[in-house]
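Heads up, the thing below is written out as structure tokens.
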């Protein structure tokens, strides 16, 4: 029986709000050694920012570090899972959407994040994680 996301997700998740700027997001990513930060209003997930978002939508667009989070975050079509989603289903979603992390949401509120690494560290899930990672890493045009 496949584990549930609830059993493998990270629950102590660093977040930012729309009041933060991209410099503060970058500092938080460095401090916590992460490349993904959910954007919340209270506990409600409203977007996500990745290290790639900071570079591509932020600094490469000549935005200063004081640029608002809302300028670079992804807030449309965020793929999420619930704590009851199976790890196998999460791995398939990561592969399909070509993402390495999925916010875990319950009743609209962020309760955790499940990452490809969370799948990989579970012995039974190594195969699923490897398959998801290979699909995530594929160029989009090769599908």
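Where a number appears in this text, it was derived from the coordinates with a stated rule and is not lab data. What you see is a predicted model, and the numbers here were worked out from it, not measured in a lab. As a convention, Cβ positions derive from the backbone with ideal geometry for all residues, glycine included, and neighbour counts pool all protein chains shown.
What full-extension length gain, to one decimal in nm, is calculated for residue 10 and residue 70 as 0.36 nm per residue of separation minus the Cα-Cα distance?
Values: separation 60, 0.36 × 60 = 21.60 nm, distance 2.43 nm.
Full extension of this stretch gives 19.2 nm more.
Across segment 1-113, C-alpha contacts under 8 Å between residues 6 or more apart give a mean separation that, scaled by the residue count, equals a relative contact order of 33 percent.
Modelled spin labels at residue 79 and residue 55, positioned 7 Å past Cα toward Cβ, are 2.1 nm from each other. Extension gain for residue 32-residue 3 works out to 7.8 nm (0.36 nm per residue, less the C-alpha to C-alpha distance). Residues 54, 18, ranked from the fewest to the most other C-beta atoms within 10 Å, line up as 18, 54.
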